[in-house]
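Working notes, beginning with the structure itself.
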Amino acid sequence: MSTQRVVVDPITRIEGHLRVEAILDDSNRIRDAVSSGTMWRGIELILEGRDPRDAWAFCERICGVCTTVHALASVRAVEDAIGTRVPVNADIIRNIMFLTQYVQDHVIHFYHLHALDWVDIVSALKADPRRTSELAQTVSPHWPKSSPGYFQDLLGTLKTFVESGQLGLFDNAYWGHPAYKLPPEANLMAVAHYLEALKWQKEIIKIHTVFGGKNPHPNYLVGGMASAIALESDHAINIERLNMVRTLITDAIQIVEQLYLPDLLAIASFYPEWTQYGGGLGNYLCYGDLPQAGIDDPSKFLFPRGAILDRNLSEVLEVDPRDPEGIREEVAHSWYEYPEGQEALHPWEGTTKPNYTGPKPPYEQLDEQGAYSWLKSPRWKGHAMEVGPLARMLVGYASGREEFREVVGEALGRLKLPATALFSTLGRTAARGLETRLAVHWLLAEYDRLIANLKAGDTATANTERWEPSTWPAECRGFGFTEAPRGALGHWVTIRDGRIAAYQIVVPSTWNASPRDSRGQHGAYEAALLGTPMARPDQPVEILRTIHSFDPCLACASHVIGPDGGTLAEIVIR
C-alpha cells in the first residue's frame, strides 16, 4: 500500500496556519487525511479577569475577517449571563450588520479565494474578446460591462501583467493543470468579474461604518447597539445615512443576482464530477440566527436551528448548546492538556492549557497517531459535524422552509442535478451562493423593518437597565451564539464578582478543521478529502478545491505562541 504524502502548508488564501497532509493509495486516491491548525489560540486566557462589557472588543479582534460575528456572539453571551434583553431596533441593526458581513464575505470567497481553483488565469490569454462578450451576455444578460471592447482592454492589461513575470497573488498556482476545464473565454470573463467584485466589496461594508462606526471591528454594546438614531439630526444616524444604506443594499442585490450567481452556475456546469467528491461527514449542525421575535425564540429565526445526521433530510434534530451532554470538546489529538481523567468537556467547563508534543518545526510530516493540531475536536452528542453554508441550507431545506426549497430547487433544476448533489465539494460551493441570494434580500427586508419601526416613533437602540455590575448576580454564566459566514459560532462565559472568571469559544474552523477524536472520527476537512482522485500529486488542485469550499480561515482557531511554548510579549493596558 502506498504511503505517499501530499503536504499543503499553508492551504488558505485568506489567512494561514492550516496544514493539510493527504495520504494516497496506489491509484493516487486520498485514503487518509490530516488537518492541522499550526498555531495556538489563547484569547480565552486574555479575557480572564476582565470586565465582561469589554469582552466583545477583544473577541472581535480574534480575526480581521469575521470581525462583527465574534462581537455579536460575545455581547449575547454577556447579556444572557446578566439577564438583559435588547430593544427591537438593536436586534434589527445587529441583523443588518450580520447580513452585510455575509454578503460581502461570500462574494469575496467565491471570486477572490475559491474561483482560482476552477478558473485558469493564464488560459484567459487565449480568449477571443468578441466571443467572451457573447458568453458574458448569455451568462449575465443584465450586467452592463460586457462589450467586446471592454474585454479587449482587459485582455491587454492581463497580457502586460503576465509578461512582466510578476504575477503577485496569482503566482503560486497550478495554471495549465488538467483539472481546469473552462474555455479561455469563460476564464477571461471570470477575471473581469473578479476585478468588478474587488471594487464593489469595499462599498457594501460602509454599512458597518454607519451602524458600527468603522470596519473592520465595528462597535457593539452590551444591552444593544451604540447607534443613536435621530432622523433630522446632524450628530446621529439620520435619514441621509439611512438612504445611503438602502442604496448600498440595492447595489449588492445587483452584484449577487447579476454577477455572482450567474457566474457560479456557469462555472459549476463545467465540473459535474465534483458533485461526487468532497461530501465528507454527512452530519450538519446549525445554531441558527436572524431573530424576528427576540433571541429567545429560535422558531422565528430566519436561519433555523438544528442538526442533521447521516444525510437524513427527513429529520432535523433539536440542538441545545447549553446541554452539558451536547457540545463537548476533546483533545485526544490536540496539543492541549485537560484535567486528569477528563477526555471531553462542555465549553462551560473547558480549559485552555497548551501542551505541545509535536515535532520541532520545520518538519516533514505529522504523526496522526498522536497529537497533531492546535485545534480541539468539538463533537455534538459524540458526532463529528460540519458547519457552514451547506449545513444552514440543508437544515433550512429539511425544515421545510419555503425560501430555502425555492432557491435550492431552482439551482438544481438549472444544473440538472438531484438533491444528493449538495453533499459534495460543488454542492458546498453552490450552497454559499444560494445562501447569499437569501441573505441579500433579507438584508433589504431588515432595513425596511428598521425604517418602519423608526417611522412608528421607536428610536431606542440600547437597554442600559443592567449596565452596572451592581445589578448583576454575584456569579452567573451565559451562552452567546451566531452563525458566522463559515458556520456555527459559540461563546460561553462565566462571570464572578463582576469579572470574567472563564471564557471559552468554539469557532466554525474548530468544528470543520478539527483533528480526529478519541474514537478515530475525522473532522470535516479530513473526511471530505477521503476518496478524492489526484491527477498530479505534486500539483494538488483537488485538495485546494475541497478545502477551499469550506472557506477556511484559521485566525479565530489559532493564535501565536513562542517556539518554546512561552509567552512572546505581555502588554498591560491602564
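Every number here is computed from the coordinates shown, using simple stated rules; none is lab data. Quick caveat: nothing in here was measured; it's all calculated off a predicted structure. So basically every Cβ, Gly included, is an ideal-geometry build from the backbone, and we count neighbours across all protein chains shown.
Brief remarks follow.
- Volume per residue of the C-alpha convex hull in segment 89-248, rounded to whole Å³: 155 Å³
- Taking other residues whose beta carbon is less than 13 angstrom from the beta carbon of residue 308, and scoring Lys, Arg as +1 and Asp, Glu as -1, yields 0.
- Coordinate range along principal axes, alpha carbons of segment 153-222, Å, largest first: 53, 28, 23
- For segment 184-337, the equivalent ellipsoid derived from the alpha-carbon gyration tensor has semi-axes of 34, 30, 16 Å in decreasing order.
- Descending semi-axes in Å of the chain, equivalent ellipsoid built from Cα gyration tensor: 36, 32, 22
- Peptides 243-256, 352-365 ranked from most to least packed give 243-256, 352-365, packing being the mean of other C-beta atoms within 10 angstrom over each peptide's residues.
- For the pair segment 174-225 and segment 250-267, the centres of their Cα atoms are 12 angstrom apart.
- On the basis of the beta-carbon distance and an R0 of 60 Å, residue 468 and residue 405 show a calculated FRET efficiency of 0.80.
- Our estimate of slack between residue 152 and residue 356, defined as 0.36 nm per intervening residue step minus the Cα-Cα distance, is 68.0 nm.
- Inter-centroid distance (Cα atoms) of segment 71-127 relative to segment 462-481, Å: 27 Å
- Residue-count net charge about residue 127 - beta-carbon cut-off 14 Å; Lys, Arg +1, Asp, Glu -1: -1
- Volume per residue for segment 269-365 equals 220 cubic angstrom (convex hull of Cα atoms).
- Rg/Rh ratio calculated on Cα atoms of segment 284-420 (Kirkwood radius): 1.08
- Normalised Debye scattering of segment 56-165 at q = 0.10, 0.17, 0.22 Å⁻¹ gives log10 I(q)/I(0) of -0.55, -0.90, -1.23, counting only Cα atoms as equal scatterers and leaving out solvent.
- Proximal charge balance of residue 273 [Cβ under 12 Å; K/R count +1, D/E count -1]: +1
- Of the GluC sites (Glu not before Pro) found in segment 454-533, the ones in coil according to DSSP and having at most 11 other Cβ atoms within 10 Å of their Cβ are 465.
- In segment 458-548, trypsin sites (Lys or Arg not before Pro) in a DSSP loop with at most 14 other beta-carbon atoms within 10 Å: 519
- For the chain, the 222 nm mean residue ellipticity estimated from helices alone, with every DSSP H stretch of n ≥ 4 adding -39500 (n - 2.57) and the total spread over all residues, rounds to -11000 deg cm²/dmol.
- Out-of-range pairs (alpha-carbon distance over 32 Å; input 181/206; 214/416; 202/455; 181/360): 181/206; 214/416; 181/360
- Annotation for segment 9-101: GluC sites (Glu not before Pro) lying in DSSP loop with at most 13 further Cβ atoms inside 10 Å of their Cβ are 48.
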